[in-house]
Each structure stands twice: as C-alpha cells, then as structure tokens.
Amino acid sequence: RDTVYVGLYTASGGDVSISGGVTFDPSQLTLTCISTGGPATTVTWTRDSTTVTQGTQTVLNDPVTAQYTHTLTVTTGGEYTCTVANNKPSSASATITVTGTGPPTNVAARQTNPTSILVEWTPSSDATGYTIHYDSSEGPSGSVSIDGDSTNSYTLENLQNGETYTISIVATSANLPSQVVTAGMAVGLVPGNPELVRSSTSTDSITISVGFPAGSVVDSYVVMWTSVECSDNGMMTVDGSPATYTIMGLEEGISYNITVRASNNAGSGNSTSITVRTNEAGERLLYLMLPAFTFVVHTTFSPAPNGAPNSVTEVSAAPNSITVGWEEVDCLLRNGMITGYTAQALRNGMVEATANVVVMLDKPLSLD
C-alpha cells in the first residue's frame, strides 16, 4: 500500500536555504535567521569567525517545509554569521554586522551631599543616551536611563548615607549598547560637614557643640586642636556622635584652632574649624542679687610669667631713641595672657629711661 509522509519527513530531501538574511532587534538584543530544509537541521553562530557557543535557540515553525527560526542574544558588536545545515548534506549561511556603541570614558563618581552622588563621564561619540546602575549591599539599588548624546553627568539622589555604592554606566543607541563601564572605585557616602559652635570656656578648657547635617551617619569624629601662638596641640577620637566635647589641659589665655572631621564605614568627610580662646584669670566680682542675700564670687589673678622675652635686638636708632624688637614669651611659660612689657635703658648699670608697653592680642613687636 502507499505510504504518506507528513511533518518533517516531507522535506527530508530539501536543500537548506536562509530567507531574509540575518536581522537584528536592538530592543531585545537578538539576532534572527530563518531557514528551510531538513531534517536534523543544525545551526552554528560565529562572531568575527569565532564560534559562539552560548545564547543559541532553534524553534521549528513549520514541519511541512522544515522552517526553523534561529536566534542569538548578543552583547558585543561584530560580524555575525548564521550557518544552517542538514543531513542531505546541505547548508546555507547569512551574515550581518552589528555596530556596538562606544563606551563612555573617564567615568568617575563623587559625593555631593550626605545622600547624593554625582556621576560624570566623557560622552561616547555615537550614543543617544545612557543607563546608570547603582548597587549597594544595604542601601537602595537601581538604575536610571538618560536621553541625550552629549549628556556627561547625572546626580543620583535619595541614597543611604554611610553605605558604599558601586556605580556603572552603559551607553545606548539604535545599535548595540556599549560595554559596561564601572566607576574607578566604590563610592561611599561619608558624613556631611560638621557644624561647630563654642559652647563654653575656662582658663584650661574649651567645650564645643558638634552637629551634623540631617541624614549623616557618624561612627566617630576626630577633634584636633592647635595653639595659634605656640606648639600646644593635640588630637582625640570620639566614638559615636555626642553633641558636645570638652578639650582639657589647655593653656590659659591662648587662642586655639579646633578642627572636627567625622567618619563612618565609607570614609572621612570634610573638616570644619573654629578659633576659640581660653579664659584669662583675674580678679572679677560677680554679684548675685536675691531678695535676702548677696553673693560675691571671687576669682584670682594669674601668677607672673615664668618665661622672659627672647632675642632682644636693636631695630633702629636715632639721636634720642632706640627701637628694639624681641620674640614673644613661650606660651607654655606665660601663665596666662601677657598684658605688657617694661623696657629699661641702662647706662653704667644705672636706669636712665623706662618705657611701658601695653600689649594687645599678646603679640608685641617693637618698643620705641
């Protein structure tokens, strides 16, 4: 009796052909070629003459004509060839060149405030837009698409302060997207600038109030102090973010530059500095008037300086005067603020002239 063949076997003796060549769908990043002829159709994809072994799919569309659809997902530009063969043997090939968009260059990221990162790059010549991805282990992650061929920066906002973010960017166009470019380093959101205010002072201490912008995560902050007049300085790391800190053991009547810099697991933020002067001891009366009592509080004068001026030199001379200069008393030997100097002119051991100088701001320069 007669045998009727259906399906794939109907076309068992056909030659393989590819209709329409290879097409590219940029929205799906897929290449497609359609072949007829069978059975046992096989497909090989190559890129720039190198076999591509991943991403191939073959779907039988019509068993009567042995029509197959072959697809390949691509991530890189190049010359792609689809080769289809059956067991006749018969084969056919088609080629397409996919142009990849050039990647952006000089990609960098930096913090602009406690919850924002500015991403900057040099644009790709053939890009029509960019997609920025940002990832963090605990903070928010996501991506944002930007239109514009000349766009070269974008600010990521509403991030989690204190977390470390990895930033990457891809250039897009009507062709294949560029390769992914990652910022040179992971970007952390460090604390914002401290806000410093003098809280109180004594003859040997300064208390400062420390504040931080809303959203700042502070694990610790470093307090540094340096005397304006001498080498009295120090540094202390303060755990957490207490609102006040007192620097002890300072010199009386001395101005200090105080600097605070905060840190978290992402690094150290910018520093803020203020200048504060310790109190000068002296006799002062403070009256507290109440209905039935009067209180008088006394403080005492500082002791005399332990040090003396150094390097007294003649600056200039005139028939009836001499101008002299000297170096200040070491601040650690002043016992407070120097309020004046006395200069005497001696002839044969006898005092011939005396001049008194009232010092302002503790910085004498010369005496006439």
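The values are calculated or read from the model by the stated rules, or taken from the named source; none is laboratory data. This one's a predicted model, so the numbers in the text were calculated from it and none came from an experiment. Virtual Cβ from ideal backbone geometry, glycine too; neighbours counted across all protein chains shown. With ligands, DNA and RNA removed, areas are computed over all heavy atoms of the protein, side chains included. Shrake-Rupley method; radii C 1.70, N 1.55, O 1.52, S 1.80 Å.
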> Out of all the residues in the stretch 107-153, which are in contact with a Pro (Cβ under 9 Å, 6 or more places away or on another chain) and outside any loop (DSSP other than H, G, I, E, B)?
Replying inline: Asn113, Trp121, Thr122, Tyr130, Thr131, Tyr134
> Out of (1) at pLDDT 85 or above; (2) touching a strand residue (DSSP E or B) at 6+ places or on another chain (Cβ under 6 Å); (3) farther than 23 Å from Val74 by Cβ; (4) hydroxyl-bearing (Ser, Thr, Tyr), the odd one out for Thr131 is which?
Replying inline: (3)
>> I need the full set of residues from the stretch 77-94 which are within 47 Å of the chain's Cα centre (by Cα) and either touching a residue at least 60 places away in the same chain (Cβ under 8 Å) or open to solvent by 30 Å² or more (accessible area, probe 1.4 Å) (or both), in order please.
In response: Gly77, Glu79
> How many residues does the stretch 202-215 hold that are open to solvent by 30 Å² or more (accessible area, probe 1.4 Å), in contact with a strand residue (DSSP E or B) (Cβ under 7 Å, 6 or more places away or on another chain) and of a type outside the set (A, V, I, L, M, F, W, C)?
Replying inline: 1
> Restricting the search to the stretch 315-334, which residues are open to solvent by less than 60 Å² (accessible area, probe 1.4 Å) and assigned to a helix (DSSP H, G or I)?
Replying inline: Cys331
>> So Ser199 ticks every box in (1) more than 27 Å from the chain's Cα centre (by Cα); (2) open to solvent by less than 30 Å² (accessible area, probe 1.4 Å); (3) free of Cβ contacts under 8 Å to residues at least 60 places away in the same chain but one. Which box is left unticked?
In response: (2)
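For the stretch 234-246, indicate whether the set of residues that are touching a residue at least 40 places away in the same chain (Cβ under 8 Å) and crowded, with 17+ Cβ neighbours inside 10 Å is non-empty.
Our first condition is that a residue be touching a residue at least 40 places away in the same chain (Cβ under 8 Å); within the stretch 234-246, this holds for 244, 246.
Filter once more, keeping what is crowded, with 17+ Cβ neighbours inside 10 Å: none.
Scanning the stretch 234-246, I find no residue that is touching a residue at least 40 places away in the same chain (Cβ under 8 Å) and crowded, with 17+ Cβ neighbours inside 10 Å, so the answer is no.
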> Within the stretch 250-278, restricting attention to residues that are surrounded by 20 or more Cβ atoms within 10 Å (Cβ to Cβ) and either assigned to a loop (DSSP other than H, G, I, E, B) or at positive phi (or both), which residue is nearest to the chain's Cα centre (by Cα)?
Replying inline: Ala266
> Looking at (1) surrounded by 20 or more Cβ atoms within 10 Å (Cβ to Cβ); (2) on the phi < 0 side of the Ramachandran plot, which is the one condition that is false for Ala66?
Replying inline: (2)
>> Can you list residue pairs whose Cβ atoms sit under 8 Å apart, with the first residue in the stretch 312-328 being closer than 17 Å to Gly340 by Cα and the second being of a type in the set (Asp, Glu) and open to solvent by 50 Å² or more (accessible area, probe 1.4 Å)? Count only pairs 6 or more apart in sequence or on different chains.
In response: Thr323/Glu314; Thr323/Asp368; Val324/Glu314
> Of the residues Asn193, Asn158, which single one is buried (at least 17 other Cβ atoms within 10 Å of the Cβ) and part of a loop (DSSP other than H, G, I, E, B)?
Replying inline: Asn193
>> Step by step: first the residues of the stretch 216-233, then only those that are under 27 Å from Val329 (Cα atoms) and of a type in the set (Asp, Glu), then the one that is surrounded by the fewest Cβ atoms within 10 Å (Cβ to Cβ). Which residue is that?
In response: Asp232
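Across the stretch 95-104, which residue is nearest to the chain's Cα centre (by Cα) among those that are touching a residue at least 60 places away in the same chain (Cβ under 8 Å) and open to solvent by 20 Å² or more (accessible area, probe 1.4 Å)?
Taking the stretch 95-104 and keeping what is touching a residue at least 60 places away in the same chain (Cβ under 8 Å), we get 95-96, 98-104.
The next check asks that each one be open to solvent by 20 Å² or more (accessible area, probe 1.4 Å); those that pass are 95-96, 99-100, 102-103.
Working: Thr95: 47, Ile96: 44, Thr99: 35, Gly100: 32, Gly102: 27, Pro103: 23 Å.
So, considering only residues that are touching a residue at least 60 places away in the same chain (Cβ under 8 Å) and open to solvent by 20 Å² or more (accessible area, probe 1.4 Å), the one nearest to the chain's Cα centre (by Cα) is Pro103.
Which one is farthest from Tyr80 (Cα to Cα), of the residues in the stretch 165-179 that are modelled with pLDDT of 80 or more and open to solvent by 10 Å² or more (accessible area, probe 1.4 Å)? Let's see the steps before the verdict.
Looking only at the stretch 165-179, we keep the residues that are modelled with pLDDT of 80 or more, and these are 165-172.
Now narrow it down to the ones that are open to solvent by 10 Å² or more (accessible area, probe 1.4 Å): 166, 168, 170, 172.
Working: Thr166: 33, Ser168: 27, Val170: 22, Thr172: 20 Å.
Restricting to residues being modelled with pLDDT of 80 or more and open to solvent by 10 Å² or more (accessible area, probe 1.4 Å), the top hit is Thr166.
Give me the residue from the stretch 1-20 that is of a type outside the set (Ser, Thr, Tyr) and surrounded by fewer than 13 Cβ atoms within 10 Å (Cβ to Cβ) and, out of that set, modelled with the highest pLDDT.
Initially, the stretch 1-20 is screened for residues of a type outside the set (Ser, Thr, Tyr), giving 1-2, 4, 6-8, 11, 13-16, 18, 20.
From the residues that got through so far, the ones that are surrounded by fewer than 13 Cβ atoms within 10 Å (Cβ to Cβ) too are 1-2, 4, 6, 13, 20.
Working: Arg1: 40, Asp2: 40, Val4: 33, Val6: 35, Gly13: 54, Gly20: 87.
This residue is Gly20.
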>> Pairs please, first residue from the stretch 137-164 and without any contact (Cβ under 8 Å) to a residue 24 or more places away in the chain, second anywhere and open to solvent by 60 Å² or more (accessible area, probe 1.4 Å) and in a loop (DSSP other than H, G, I, E, B), Cβ atoms under 8 Å, 6+ apart in sequence or on different chains.
In response: Pro140/Asn158; Pro140/Gln160; Asp147/Thr128; Gly148/Thr128
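Of all residues in the stretch 279-302, count the ones that are at pLDDT below 75 and surrounded by 10 or more Cβ atoms within 10 Å (Cβ to Cβ). Write out each step before concluding.
As a first pass, look at the stretch 279-302 and keep what is at pLDDT below 75: 281-302.
Still in the list and also surrounded by 10 or more Cβ atoms within 10 Å (Cβ to Cβ): 281-282, 284, 299, 301-302.
Counting residues in the stretch 279-302 that are at pLDDT below 75 and surrounded by 10 or more Cβ atoms within 10 Å (Cβ to Cβ) gives 6.
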